[in-house]
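What follows is one structure encoded as structure tokens, with my remarks underneath.
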Amino acid sequence: MYDLPRRFNVGMLDKRNTTEAPVTVVDYPLWPDNSGLRKQHGIEYWMMGSLLNGGGNGSEAMRVLDPEFADVYFVPFFSSLSFNTHGHHMTDPETEIDRQLQIDLMGLLRQSKYWQRSGGRDHVFPMTHPNAFRFLRDQLNESIQVVVDFGRYPKGVSNLNKDVVSPYVHVVDSYIDDEPQDPFESRTMLLFFRGRTHRKDKGIVRAKFTKILAGFDDVHYERSYATGENIKLSSKGMRSSKFCLHPAGDTPSSCRLFDAIVSHCVPVIVSDKIELPFENEIDYSQFSLFFSFKEALEPGYMINQLRNFPKQKWTEMWRQLKNISHHYEFYYPPKREDAVNMLWRQIKHKLPGIRQFVHRSQRLKIPDWWKR
């Protein structure tokens with residue numbers, strides 16, 4: 001892991017501490033409780049913390065102090081937090097700070113022999129906000145990017161072959177004591193959605209649901225914004241519902257899916273191009289339902305499917321949600337099989353291809369001869 005000045009990472013969390021010295025495990029700050037929706041893109045914080053913590057407790061990754069022994073190189077730039085902190089609106093003059101951080105970072109990396117050796121292929125960048133690293137993102141085309149989906153990027157910039165899909169950090173509290181005698185009957189609401197109903201791109205489906213889902217007594221579909229109180233109301237609604245609707249937003253995925261998972265509410269996913277985290281280990285069909293845009297927008301079709309869904313099958317999905325929800329929890333220090341360790345394991349699967357490239361590039365006299 002690169003030792004970067006704090007302005008690239010935790011300095012954005014605690015602006016009172018103006019020191020440029022790299023943060024250590026001794027003074028790594030806690031994630032602030034009042035961060036609102038910024039938390040959902042905070043994967044960068046928990047990944048950095050897992051390396052500072054030094055491994056152990058079932059950790060999938062351990063920091064080495066000699067870079068010669070490293071398998072990959074983690075770049076602890078909080079690019080999502082930088083976008084959210086430095087001029088969240090595109091026209092805000094403060095976005096210049098975000099741009100300059102990206103320029104300064106790339107200047108540092110290009111001086112590194114480890115970046116030069118691989119062209120950045122063995123470097124890991126968490127960038128889960130769709131606008132993270134937006135000024136210089138095309139300079140990371142070869143690197144391992146930790147993203148939540150590929151909705152806004154050309155395939156040459158981000159793709160499944162080289163990158164890793166992460167869950168959002170859920171913003172509702174986890175449902176710890178979910179032990180009703182009859183979970184199916186205890187959840188009286190059939191389908192629940194609470195959130196923004198007007199989004200861009202494929203998220204326009206949300207506006208159409210306003211009409212299609214109107215008039216059902218056991219369907220809660222409400223326009224809402226993410227305030228602290230509204231997040232609590234969403235949590236209450238998810239915990240009292242059998243199914244939770246997850247339509248595409250500005251991009252194919254959203255935090256709502258992972259809020260539903262930790263609320264043990266069976267996700268109903270309406271997003272034709274969604275990519276999901278950890279799919280080489282987790283079968284989402286065991287605890288989720290999927291509808292195409294066409295199916296979901298056919299009046300009455302989706303609701304009829306949910307009404308006729310067998311109680312026993314739903315209960316099996318509910319149990320499976322309880323069994324796998326710990327894979328979507330972010331902890332500092334990290335815990336065995338939590339989200340951060342799952343992410344590091346996904347990155348580990350990328351290593352053979354990276355090693356092959358580095359080894360070949362070191363001995364080839366005519367680079368990329370097969371493309372000519």
Q: May I ask for the distance between the Cα centers of segment 6-43 and segment 136-196, given as a whole number of Å?
A: 22 Å
Q. Relative to the longest principal axis of the chain, what angle (0 to 90°, nearest 10) does the C-alpha long axis of helix 43-52 take?
A. 50 degrees
Q: Can you send over the solvent-accessible area of Tyr301, 1.4 Å probe, protein chains only, in Å² to the nearest 10?
A: 70 Å²
Q.
Could you check the spin-label model distance between Thr91 and Lys313? Points 7 Å from the Cα along Cα→Cβ, value in nm.
A. 5.0 nm
Q. Stretch Ala226-Ile103 to full length: gain in nm at 0.36 nm per residue minus the Cα-Cα span?
A. 41.1 nm
Q | Nearest 10 degrees, 0 to 90: helix 228-239 Cα axis against the chain principal axis | A | 60 degrees
Q) So if we plug the beta-carbon distance of Glu298 and Lys15 into 1/(1 + (r/R0)^6) with R0 = 45 Å, what FRET efficiency do we get, rounded to 0.05? A) 0.35
Q) In the chain, what percent of the accessible surface is made up of carbon and sulfur (1.4 Å probe, ligands and nucleic acids excluded)? A) 50 percent
**Q.** Nearest-10 value in Å² for the accessible area of Thr227, using the 1.4 Å probe
**A.** 70 Å²
Q. Once both labels are modelled 7 Å past Cα along the beta-carbon direction, what's the Leu30-Lys273 spacing in nm?
A. 4.1 nm
Q) Tell me, which cysteines of the chain are without a disulfide-compatible partner by the Cβ under 4.7 Å rule? A) Cys255
Q. Roughly speaking, what % of Cα-Cα pairs in segment 92-138 are separated by over 18 Å, rounded to a whole number?
A. 34 percent
Q | Surface accessible to a 1.4 Å probe, per residue, for the residues of the chain, Å² | A | 48 Å²
(Q) Please report the spacing between the Cα centers of segment 57-79 and segment 274-303 in Å, no decimals. (A) 35 Å
Q) Considering the chain as a Gaussian network with a 10 Å cut-off on Cα pairs, which listed residue, Val165, Val219, Val268, attains the greatest mean-square fluctuation? A) Val219
Q) What's the FRET efficiency of Ser174 with Ala70 using the Cβ-Cβ distance as r and R₀ = 41 Å, to the nearest 0.05? A) 0.75
(Q) With a 10 Å cut-off between alpha carbons and a GNM built on the chain, which of Arg117, Arg187, Arg345 moves the most? (A) Arg117
Q) Roughly what would the spin-label model give for Arg110 and Ile366, points 7 Å off Cα along C-beta, in nm? A) 2.9 nm
Q.
Can you compute the equivalent ellipsoid semi-axes for segment 189-327, i.e. the square root of 5 times each eigenvalue of the Cα gyration tensor, sorted largest first and rounded to whole Å?
A. 20, 17, 16
Q | Rounded tilt (10° steps) of 95-110 against the dominant C-alpha axis of the chain | A | 50 degrees
Q.
If I build a Gaussian network model for the chain, linking alpha-carbon pairs within less than 10 angstrom, which residue out of Ile176, Ile43, Ile303 has the largest mean-square fluctuation?
A. Ile176
Q: Compute the signed sum of charges (Lys and Arg +1, Asp and Glu -1) over the other residues within less than 9 Å, Cβ to Cβ, of Gln102.
A: +1
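Rank these residues by their accessible area, most exposed first, probe 1.4 Å: His198, His326, His170.
Solvent-accessible surface, decreasing: His198, His326, His170.
The values are calculated or read from the model by the stated rules, or taken from the named source; none is laboratory data. These numbers come from a predicted model, not from an experiment. For neighbour counting, all protein chains shown are included, and Cβ atoms are generated from backbone atoms with ideal geometry for every residue, glycine included. The accessibility values were calculated without ligands, DNA or RNA, using every heavy atom of the protein model including side chains. Shrake-Rupley method; radii C 1.70, N 1.55, O 1.52, S 1.80 Å.
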